[in-house]
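The values are calculated or read from the model by the stated rules, or taken from the named source; none is laboratory data. The structure displayed is predicted, hence computed values, not measured ones. For neighbour counting, all protein chains shown are included, and Cβ atoms are generated from backbone atoms with ideal geometry for every residue, glycine included. Heads up: the accessible areas ignore ligands, DNA and RNA and are worked out on the full protein's heavy atoms, side chains in. Shrake-Rupley method; radii C 1.70, N 1.55, O 1.52, S 1.80 Å.
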Amino acid sequence: MTTVPQTHLERRYAALGLLLIAPTVLVFCVVIVYPLISAVYLSLFSIFTPTLQGEWVGLSNYQALLSTGEFWTSLGNNVIWTVGTLVLQIVFGVAMALVLHENLWFRALARSLILFPYFVSTVVAVLVWKWLFNDLYGILNHLMIVAGLIEFPLDHLGSMPNAMISVIIVGAWKYFPFVVIAVLARLQTIPEQLYEAARIDGAGPFARFWDITLPQLREVLVVIVLLRAIWDFKEFDLIFLLTGGGPIIGTQTLPLLVYKEAFALNRMGMAAAYAVVMMALMLAFMLIYIRQTRRRES
Amino acid sequence: MAEVVLSRVRRDFGAVTAVHDLNLAIAEGEFVSLLGPSGCGKTTTLRMLAGLEFPTGGEIRIGGRVVNDVPPAKRDIAMVFQSYALYPHLSVADNIAYPLKKRGVPRAERRPKVERTAELLQLTPLLDRKPRQLSGGQQQRVALGRALVRDPKVFLLDEPLSNLDAKLRIHMRAELVELHQRLGRTMVYVTHDQLEAMTMSDRIAIIDQGRLQQFAPPQEVYHAPANRFVAGFIGTPGMNLIEGTLSQEGGAWCFTAPGLRIAVGQLTDDAQAGPATLGLRPEDVTVGAGPVSGIVRVVEQSGHENIIIVEIAGNERLTLRIPASILPRTGDTVALAPDATHAHVFAAGEAGQRLNTATARPRPQTL
C-alpha cells in the first residue's frame, strides 16, 4: 500500500474530524464500553450486593450457572416468550398494515389510534391488562363465561400455561404497532403498476400478496424481526410487572433472573455472569442484523 | 378475431370527465396509436381496454365480446407499462414465465415458450439476471417478452419508450414495428410523442380533453388535419395558423389577413364568409419570390435544412422550412409564396373544423 502524502489542509480537516467525533466517542465509552467491561469483570467475582464486597472466583460463576436448572428453564421461557410474542406481532402487524394501506374512510384516524399501545407507558398498560385478566372481577372471564367458552373463571396470570400465554398476548398487543408502522411505510413504496401487471398476468388477490407484496416486504421484515427479537429477548418491565416471573418461575426470563440474582438474592457476581451470557446470546442476533444491513447497503 | 371496438365509451372521475363518448373501431392486426397531450385521456382509454379502469358508460368489445365487466386476466390482452413493472425479485426467465405460471401452464411447457420468446427478443444471455441488473432497453424487452409469451389477442402499450434515451428509442421503435409485422397482432399504443405515432402506426387516434379529434392514417393526419387542434398538434415545427377573414369574390374564395391575401379552393358546404384560420405547413411556403413580403427574424440551421422565422405585416410570425442551400440572414427582407393548393382552412376559434378538402399529394414511390 502506498501512502499518499497529506497536505497541510488535509491534516487540519482530519484533526477537525477527530475533534468533532470526540464527544460521541467519549460518551460511548462511558455509557457502553465501561459498563460492558465492568459486567464481565464483576462476573468473575462472588459479590454481596449491599456491600459490593467479594472475592475472585474466576469462571466458577459460569460453571454454576450452566449447571443450574433455573438458568435453562429461564432460557427456555425466554425463547418461548420471544418467539411467541414476535410471531403474533408480525402476523397482526402485517395484517393490520395491509388493512390500513387500503383506501378506507377512517384510515387517517385508524393510523393514529393503532399507535396507542406503543405509546402508552408499560406500567399503565400492565395495570389495565391485569384488571382485564383478573380472575375475580376481570371482564375477560366474564365475557368468556357469557360466550359459553368456559364454565368457571380462569386464573390467567397465576397458573401455567395461561400466564405465559397472557404475557405473550400483552407483549404482542404492546409492540405490534411498531411492525404496522414499518410495514405500512414499505407498502406505500410498492409501485401500483406491479399489482396491475400481476392482475393482467392472471394473479388473484392471494397470488398478488404472495408474489408481490411479500417479496417486497422481505427486507423490511428481516430487519423488523431482528430488531424486535433483540428487544423482546431483553424485555423486563412488562413481564416483571405482569407476573413477576411467576407462577414460581413459569414466566421467568433471563432478564428477570438477572434482577432476582442481583437484588433479591444479593449475588451481584452471579447476576453479572447471567447478564454476560445473555449478552453473548444477543450478540448472535446483532451479528445477523449487522450483516443484513451491510448487505442492503452494498 | 381480435378487433377492438369502443362505442360511446365514457369515464368520469367525480365531476371530471376524462373520456367523452369515445368511438373507435380498431381492426384486427392493426397498429393504432392513441396520441395527445398529457392528461388528454389516452392512458385512461388504454387502462379501460386493459380492465384496470372501468368505463362509466358505453361498451368495449374485444374480438366481438363485450368486456366491460371482464377482469383483466380474462380479456386475453397483454400490457407493457411505461415503468415496465417488472417483478424485481424474479429473474428475467421467471418474469417472462409469470403469466404462464398464473394460467396453470405446466413447468415443462413453460420453459420452451420462455426460451423462444427470449430468443425472439435477444434476451437469452440475460435469462438468469434480475431486472435491476439490466439496462433500460433490456428491461423494456423483458416487459415485451412477458407480454408476448402467452400470445394474447391484443397488445396494449403505455408509452413504453418514454424512459429510454433518444438513440435507444429510435432503435426500439424500429424493433416494435418489426415485431408487429412479424406477429400480426392488434396493438394499441399510447404516446404523447407524435414522431412515434407517425412512424409506427397504421392509424392514429388523436385525443384532446377526452374527445377524439381525428382517427386516420399518419399521412392523412398530417396532410388533412380534421381541425385546428390536430393541425397545430401534428408536425414539427408546427403548422402556421393565421387568423384572418374568409370572403367570396365572384364565386372564388379568398382568405385575407394583414400582409397576406391568398385564393383558397375546394371549400366545403360548411364554409361561410367571415373570420377563419388559415393553416400553412412550414414546407408549403416558397422563399425567394412571391407576393408576400416579410423580415427574417430567426435562422436555425440543422444541417440538411434551415428553419427560419419570418415576420409579416409587423406582427404575424411564420415558421418556414427551406433547403439548406438557401441561407437568409437575420433582418433580410424576403419574398414569400404560400402554396395555395396545400393551404388548410379552418373555422375561427380554437376548435375550428376544417373547411376545405385536402389536395391529394402524389403517392409515395414504391421501389
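In this structure, does A:Asn162 turn out to be surrounded by fewer than 16 Cβ atoms within 10 Å (Cβ to Cβ) and away from chain B (no Cβ under 14 Å)?
So A:Asn162 fails the test.
Evaluate the following for A:Gly17: is it assigned to a helix (DSSP H, G or I), open to solvent by less than 90 Å² (accessible area, probe 1.4 Å) and outside the structural domain of A:Ile248 (by TED's automatic domain parsing)?
Spelling it out, A:Gly17 is indeed assigned to a helix (DSSP H, G or I), open to solvent by less than 90 Å² (accessible area, probe 1.4 Å) and outside the structural domain of A:Ile248 (by TED's automatic domain parsing).
Which of the residues belonging to the stretch A:239-263 are of a type in the set (Val, Ile, Thr), touching a residue at least 60 places away in the same chain (Cβ under 8 Å) and open to solvent by 20 Å² or more (accessible area, probe 1.4 Å)?
Once the filter is applied, which keeps residues that are of a type in the set (Val, Ile, Thr), touching a residue at least 60 places away in the same chain (Cβ under 8 Å) and open to solvent by 20 Å² or more (accessible area, probe 1.4 Å), the stretch A:239-263 yields A:Thr243, A:Ile249.
Quick check on the stretch B:85-98: of everything there that is farther than 21 Å from B:Glu109 by Cα and without any contact (Cβ under 8 Å) to a residue 60 or more places away in the chain, which residue is surrounded by the fewest Cβ atoms within 10 Å (Cβ to Cβ)?
B:Pro88
Just a yes or no: is a residue in the stretch A:265-280 under 30 Å from A:Val128 (Cβ atoms) and either within 14 Å of chain B (Cβ to nearest Cβ) or open to solvent by 10 Å² or more (accessible area, probe 1.4 Å) (or both)?
For the stretch A:265-280, residues under 30 Å from A:Val128 (Cβ atoms) and either within 14 Å of chain B (Cβ to nearest Cβ) or open to solvent by 10 Å² or more (accessible area, probe 1.4 Å) (or both): present.
Hey, can you tell me all the residues within the stretch B:112-129 that are touching a helix residue (DSSP H, G or I) at 6+ places or on another chain (Cβ under 8 Å) and either among the basic types (Lys, Arg) or outside the structural domain of B:His89 (by TED's automatic domain parsing) (or both)?
Scanning the stretch B:112-129 gives B:Lys113, B:Arg129.
When A:Glu219 is evaluated against the numbered criteria (1) part of a helix (DSSP H, G or I); (2) open to solvent by less than 70 Å² (accessible area, probe 1.4 Å); (3) within 14 Å of chain B (Cβ to nearest Cβ), which criterion, by number, is the only one it fails?
Among (1) part of a helix (DSSP H, G or I); (2) open to solvent by less than 70 Å² (accessible area, probe 1.4 Å); (3) within 14 Å of chain B (Cβ to nearest Cβ), the lone unmet condition for A:Glu219 is (2).
Consider the stretch B:120-161. How many of its residues are open to solvent by 40 Å² or more (accessible area, probe 1.4 Å) and either under 22 Å from B:Thr43 (Cα atoms) or not hydroxyl-bearing (Ser, Thr, Tyr) (or both)?
Looking only at that region, the number is 12.
Any idea how many residues of the stretch A:165-194 are more than 30 Å from B:Thr44 (Cβ to Cβ), among the aliphatic types (A, V, I, L, M) and open to solvent by 40 Å² or more (accessible area, probe 1.4 Å)?
Number of matching residues: 3.
Of A:Ala203, A:Ala207, which residue is assigned by TED's automatic domain parsing to the domain that holds A:Ile169, in contact with a helix residue (DSSP H, G or I) (Cβ under 8 Å, 6 or more places away or on another chain), open to solvent by less than 30 Å² (accessible area, probe 1.4 Å) and not in a helix (DSSP H, G or I)?
A:Ala203
What is the number of the single condition among (1) closer than 28 Å to A:Trp210 by Cβ; (2) open to solvent by less than 70 Å² (accessible area, probe 1.4 Å); (3) among the polar types (S, T, N, Q) that A:Asn103 does not meet?
The number of the failed condition is (2).
Tell me which residues, restricted to the stretch B:176-207, are of a type outside the set (S, T, N, Q), closer than 18 Å to B:Ala143 by Cβ and buried (at least 17 other Cβ atoms within 10 Å of the Cβ).
Scanning the stretch B:176-207 gives B:Leu176, B:Leu179, B:His180, B:Arg185, B:Met187, B:Val188, B:Tyr189, B:Val190, B:Glu196, B:Met200.
Would you pick out the residues in the stretch A:178-220 that are touching a Leu at 6+ places or on another chain (Cβ under 6 Å) and without any contact (Cβ under 8 Å) to a residue 12 or more places away in the chain?
Selection gives A:Glu196 alone.
Within the stretch B:165-216, work out how many residues are of a type in the set (Gly, Ala, Ser) and assigned to a strand (DSSP E or B).
Of the residues in the stretch B:165-216, 2 are of a type in the set (Gly, Ala, Ser) and assigned to a strand (DSSP E or B).
Need a quick list: strands (runs of 3 or more DSSP E) entirely within the stretch B:228-291 having at least 1 residues that are open to solvent by 20 Å² or more (accessible area, probe 1.4 Å) and of a type in the set (Ser, Thr, Tyr).
B:240-249, B:252-257
Just for strands (runs of 3 or more DSSP E) wholly inside the stretch B:15-133: which have at least 1 residues that are β-branched (Val, Ile, Thr) and either within 14 Å of chain A (Cβ to nearest Cβ) or in contact with a His (Cβ under 9 Å, 6 or more places away or on another chain) (or both)?
Per the criteria, B:57-62, B:77-80.
For the stretch B:294-311, which positions are at pLDDT below 90 and more than 29 Å from the chain's Cα centre (by Cα)?
none
Residues in the stretch B:245-281 that are at positive phi and either within 31 Å of the chain's Cα centre (by Cα) or modelled with pLDDT of 90 or more (or both): how many?
Residues flagged as at positive phi and either within 31 Å of the chain's Cα centre (by Cα) or modelled with pLDDT of 90 or more (or both) within the stretch B:245-281 amount to 1.
Looking at A:Ser38, A:Ser46, can you tell me which residue is surrounded by 10 or more Cβ atoms within 10 Å (Cβ to Cβ), part of a strand (DSSP E or B) and not assigned by TED's automatic domain parsing to the domain that holds A:Glu261?
A:Ser46
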